[in-house]
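Below: one structure, written as structure tokens.
The values are calculated or read from the model by the stated rules, or taken from the named source; none is laboratory data. These numbers come from a predicted model, not from an experiment. Every residue, glycine among them, receives a Cβ derived from its backbone with ideal geometry; neighbour counts consider all protein chains shown.
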Amino acid sequence: MREQLVQRLTDGFTATDPTRLTECGELVRGKVRDVYVSDDELFMVTTDRLSAFDVVLTSVPCKGAILNAIAVEAFRATEDLCPNHLIEVPHPNVMRVRRTTPLPVEIILRRYITGSLWRDLHSGKAAAYEIDFPEGLKRDQRFDEVICTPSTKADVGLHDEPISEREIVARGLVSKELLDEVISKAHALFRRGEELAAARGLILVDTKYEFGLTPEGELIVIDEIHTADSSRYWVAEEYQARFEAGESQRMLDKENIRQWLIGQGYQGEGEPPHIPDEVRLDLAQTYAELHDRLLGRPFEVPVGSPQESLYS
Ligand SMILES: Nc1ncnc2c1ncn2[C@@H]1O[C@H](COP(=O)(O)OP(=O)(O)OP(=O)(O)O)[C@@H](O)[C@H]1O
Ligand SMILES: [Mg+2]
């Protein structure tokens, strides 16, 4: 596996060529996805680009295909709870999806206190959520209830900001009625995500959802769900011992690279550090391990360039 991933270090899937996908619509480049927009659909290509702290830093071999596979599986496993945007998977890196008007907030649900919330709780930034967090929390402690820490969806170049449910409504971003529906859908999705993870020996720690409204006014879940980019996953059988010993959890997600970056003194401001190939490969293997566990089958590194198969 690692040898095959090494091959892909240099010919990674970092960007699509819009001149060869003209029939798919007009290109809008996100941090991770190249999205081709047409009247009522998006041709969403998940590339190997890695973003952390809202900055694109490098590429990670096969990350795009792995994320796409996990998201597709998760959409199919939850469509009875909440309709989603998926129409079809024409290529391992691509989802054809229904185009929506995205709501201007992201819904983040958390079962454990860790990552950015742990950091924000200590810097005082978490006050924006207007939540009474229990006293004396330890890092990585489980909450009795799943908590919701929304954020605004910032424009390009800006960071998403924490916001409370009350403030979302007060600022007129989403109506109270619609927000209640969104949050209740998110909780249903999260419960299913937790069950599916648990069946594979994993803990779904937290996750981010985006929702949109179709032209007919239907509320659907969009973007990606339950992936290693949008969620944290820990290895369940190691949780308790590590928690009691005050050690970091075994993480199968993007938090690995965030912590590596923080260790290098980088949190999204200033010049990013050089990311060595070993670090890129380790992250690729972590993403592949999550894929294999969640989907119950091994990720196969594609033979030949995934870009070329996209244009043929
Ligand atoms: N069905 C949909 N309708 C409309 N917009 C969508 C739909 N699904 C996803 N999107 C939007 O497409 C973009 C996907 O690109 P990408 O994930 O690269 O962007 P990003 O959010 O800027 O990056 P990152 O995920 O690193 O924060 C997002 O802005 C997302 O909100
Ligand atoms: Mg995104």
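A quick yes/no check of all residues on (1) more than 15 Å from ligand 2 (Cβ to nearest atom); (2) in contact with a Lys or Arg (Cβ under 7 Å, 6 or more places away or on another chain); (3) at pLDDT 95 or above:
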residue	(1), (2), (3)
D48	no, yes, yes
P61	yes, yes, yes
A65	yes, no, yes
A69	yes, no, yes
I87	yes, yes, yes
M95	no, no, yes
L109	yes, no, yes
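Looking across A188, A241, A197, A228, one residue alone is aliphatic (A, V, I, L, M), away from ligand 1 (no atom under 16 Å from the Cβ) and surrounded by 15 or more Cβ atoms within 10 Å (Cβ to Cβ). It is A197.
Tallying residues that are part of a strand (DSSP E or B), among the small types (G, A, S) and more than 13 Å from L103 (Cβ to Cβ) within the stretch 201-245 yields 1. For the stretch 6-46, the candidate set comprises residues that are within 13 Å of ligand 2 (Cβ to nearest atom) and in a loop (DSSP other than H, G, I, E, B); within that set, the residue that is surrounded by the most Cβ atoms within 10 Å (Cβ to Cβ) is V32. Being assigned to a loop (DSSP other than H, G, I, E, B) and of a type in the set (F, W, Y) is the filter here, so list the residues in the stretch 131-157 that pass it. Hit for the stretch 131-157 is F133, nothing else.
State whether one or more residues within the stretch 54-61 are within 14 Å of ligand 1 (Cβ to nearest atom), of a type in the set (D, E, K, R) and either under 15 Å from Y287 (Cα atoms) or part of a strand (DSSP E or B) (or both). No. For the stretch 291-312, a tally of residues being out of contact with any helix residue (DSSP H, G or I) (no Cβ under 7 Å at 6 or more places or on another chain) and in a helix (DSSP H, G or I) returns 6. Any residue at all in the stretch 288-306 that's surrounded by fewer than 19 Cβ atoms within 10 Å (Cβ to Cβ) and hydroxyl-bearing (S, T, Y)? Within the stretch 288-306 (the criterion being surrounded by fewer than 19 Cβ atoms within 10 Å (Cβ to Cβ) and hydroxyl-bearing (S, T, Y)), the answer is yes, since at least one residue qualifies. Total residues in the stretch 13-45 satisfying the condition of being closer than 21 Å to I275 by Cα and touching a Lys or Arg at 6+ places or on another chain (Cβ under 7 Å): the figure is 3.
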